[in-house]
Structure formats: structure tokens, C-alpha cells
1. Among the numbered criteria (1) at pLDDT below 95; (2) more than 24 Å from Glu153 (Cα to Cα), which single criterion is violated by Ile52?
2. Looking at region 1-34, which of its residues are in contact (Cβ under 8 Å) with a residue 40 or more places away in the chain and in contact with a Gly (Cβ under 9 Å, 6 or more places away or on another chain)?
3. Scanning for something in a helix (DSSP H, G or I) and either touching a His at 6+ places or on another chain (Cβ under 9 Å) or open to solvent by 20 Å² or more (accessible area, probe 1.4 Å) (or both), does region 2-18 turn up at least one residue?
4. Given the options Ile54, Ile74, name the one that is open to solvent by 70 Å² or more (accessible area, probe 1.4 Å) and aliphatic (A, V, I, L, M).
5. What's the total number of residues in region 2-23 that are more than 10 Å from the ligand (Cβ to nearest atom) and either more than 22 Å from Ala114 (Cα to Cα) or at pLDDT 95 or above (or both)?
6. Please count how many residues of region 1-25 are aliphatic (A, V, I, L, M) and within 20 Å of Asp173 (Cα to Cα).
7. Please return the ranges of strands (runs of 3 or more DSSP E) entirely within region 28-124 where 1 or more residues are more than 10 Å from the ligand (Cβ to nearest atom) and among the basic types (Lys, Arg).
Amino acid sequence: MLNNSDLILVAGATGGVGQLVVAKLLEKNLSVRALTRNQSKAEQMFNDQVDIVIGDIRYPDTLASITQDVTHIICCTGTTAFPSQRWDFANLFDPKNTPQAVDGEGVKNLIVAAPKNLKRFVFVSSCGVLRKDSLPFNILNIFGVLDAKLYAENTLKSSGLPYTIIRPGRLIDGPYTSYDLNTLLRAKTDGKKAVILGTGDTLNGETSRIDVANVCVECLKDEITINKAFDIINSGVRPPVVDWEKLFSEFS
Ligand SMILES: NC(=O)c1ccc[n+]([C@@H]2O[C@H](COP(=O)([O-])OP(=O)(O)OC[C@H]3O[C@@H](n4cnc5c(N)ncnc54)[C@H](OP(=O)(O)O)[C@@H]3O)[C@@H](O)[C@H]2O)c1
């Protein structure tokens, strides 16, 4: 399912999960195009090991050339669930980089810009999208982050593109924003607890960013994962090697 001629676009490449996704793809000798709003941050992180492209998923006209020729897209973009500097308040009453704009409409823009022959669109969503009215998700959703994630999930499902949706719990490990890529590649790239996969948004717990990155890349190798949504958390004793194929096969 993956070969050396593939070109994988990672959106949100400078983020906690995104950096680990890039590192894992490079470890497998795959070609990466890194979508970022911040060239110097990406250059510092990735040197010349990836094709760095500048774009902002809120603005469709910045995406058209970026998605040209890519075979896969892994979308790890996100903003904070609650108001923060990362919402880019242009003025107090006109927040710009909100969950609705980034996690909802922004992801839709990326889906629309994807080549029609894309082999896979992997979208990092969130646990709780189907439980928005129950605690603690009703609190997490006060500013609409789960509404936006669900909107993006549904847009992807109806796009006709082959997709895999990943729904992590609360993220732990990283973000490794102070590390450059070589440090990341040398770092131990395994989480400490076992991986639990589910479907139907029923799991509760924490998820290592390392395993979110792992599942985003490992699912590309396995056709069973096409057009599926996986919940993922970490719990229990981790085996020496995580058998992703076996984990996925439980949902065939
Ligand atoms: N935090 C949690 O507990 C939790 C739980 C479940 C799911 N998630 C989801 O998991 C994913 C990864 O989380 P994370 O904490 O690793 O992310 P993160 O470190 O916050 O990184 C987010 C990335 O999104 C990019 N981004 C933000 N706005 C953008 C825009 N308008 N256009 C293009 N890129 C934009 C940022 O790039 P810049 O460098 O340009 O800012 C950054 O690379 C996110 O989708 C998040 O919603 C998080």
C-alpha cells in the first residue's frame, strides 16, 4: 500500500503529533511534504529532509498547488479547544484561528483540495465526537471543538476519498516543540503503555502522541483500515512490539 514513489502531505507538521508523523515517515524512507504556516519553524525542525510548503488551511487558495501530486494526506492540524493566543485574535470580537475555522472549515478546505486519486486521507479527530452531550465532553465542546471535528469527519466520509479517522483521548507525551528532527529520530519512538483500539467512540483515557503518529502511519500499510474510524487510547502493559496488523484485523 505504500511505496517509495509515494508523496505524503503532512498538515500540521510542526505540531506535536505532526512532527512525530514526519519522523516516522522519514524513518521508513518515504517522501514527505510538510504543510506549515511558519517556514522558519519548519526549516529549523526538518532541515532539508522534507519539502516544506507554506499554507493555511483556512484559506483554500493557499492549498491548491500544495496538494498537487500527493498520494496521501495526514491531517494533524488543530487549535486549542478553549480561547488562547493560538486563536489569533485579530481583535477581541473577531477570533480567527478558532476550532470552527481550523478543525471544521479548514479541514474541509484540505479535503476539497485533495487530488481525486488520493490513496488515503488520514484525519486526526478526537474521542467524544459522538458523546458531545456527556461529561467531560460537553465541557470540552463549550467552544465547539467536537462539533468542528465531527463536521470534518462527516465531510471526509461523504467526500468519496478513501479515509481513516483517528480519535485519540487526551494527548500525552510531547509536543516536542523544542526538539529538531534528528533528535526526534534518535529518540525512543515507543509509548510506554499498550495500545487499545476501538470503534464507535466508546473508549475513555489518555493517548500518547507517539502512538497517534504510529497509527496514522501504520494504517496506510493496511487496506483493512480504509473507510474506518478508530478510537485509540493507551492502557496496560505494552508488549515488546506492537502488532498493528493484528490490532487492525480485529475490526475487519
Ligand atoms: N490535545 C488533546 O488532548 C487532543 C485530544 C484529542 C485530539 N487532539 C487532536 O490531535 C491533533 C494533534 O494535536 P497536537 O497537540 O499534537 O497539535 P499541536 O501541537 O497543537 O499542533 C497543531 C498544528 O496545527 C497547525 N495549525 C494550526 N492552525 C493552522 C492553520 N490555520 N493552518 C495550517 N496549520 C495550522 C499548527 O501549525 P503552526 O505551526 O502553523 O501553528 C500545528 O502544527 C489535533 O488535531 C488535535 O485537535 C488533541
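1. Just one mismatch for Ile52, condition (1).
2. Val10, Ala11, Gly12, Gly15, Gly16, Val17, Gly18, Gln19, Leu20, Val21
3. No, the conditions are met nowhere in region 2-18.
4. Testing whether each residue is open to solvent by 70 Å² or more (accessible area, probe 1.4 Å) and aliphatic (A, V, I, L, M) leaves just Ile54.
5. Just the residues of region 2-23 that are more than 10 Å from the ligand (Cβ to nearest atom), to begin with: 2-9, 22-23.
Of the ones still in play, those that are also either more than 22 Å from Ala114 (Cα to Cα) or at pLDDT 95 or above (or both) are 6-9, 22-23.
The total comes to 6.
6. Initially, region 1-25 is screened for residues aliphatic (A, V, I, L, M), giving 1-2, 7-11, 13, 17, 20-23, 25.
Within this subset, residues satisfying the condition of being within 20 Å of Asp173 (Cα to Cα) are 10-11, 13, 17, 20-23, 25.
Summing the residues that are aliphatic (A, V, I, L, M) and within 20 Å of Asp173 (Cα to Cα) in region 1-25 gives 9.
7. Working: elements: 31-36, 51-54, 72-75, 120-124.
Of the strands (runs of 3 or more DSSP E) lying wholly inside region 28-124, those with at least 1 residues that are more than 10 Å from the ligand (Cβ to nearest atom) and among the basic types (Lys, Arg) span 31-36, 120-124.
The values are calculated or read from the model by the stated rules, or taken from the named source; none is laboratory data. Since we're looking at a predicted model, the values are computed, not measured. Every residue, glycine as well, gets a Cβ built from its backbone with ideal geometry; the counts of neighbours run over all protein chains shown. All accessible areas refer to the heavy atoms of the entire protein, side chains included, with ligands and DNA or RNA removed. Shrake-Rupley method; radii C 1.70, N 1.55, O 1.52, S 1.80 Å.
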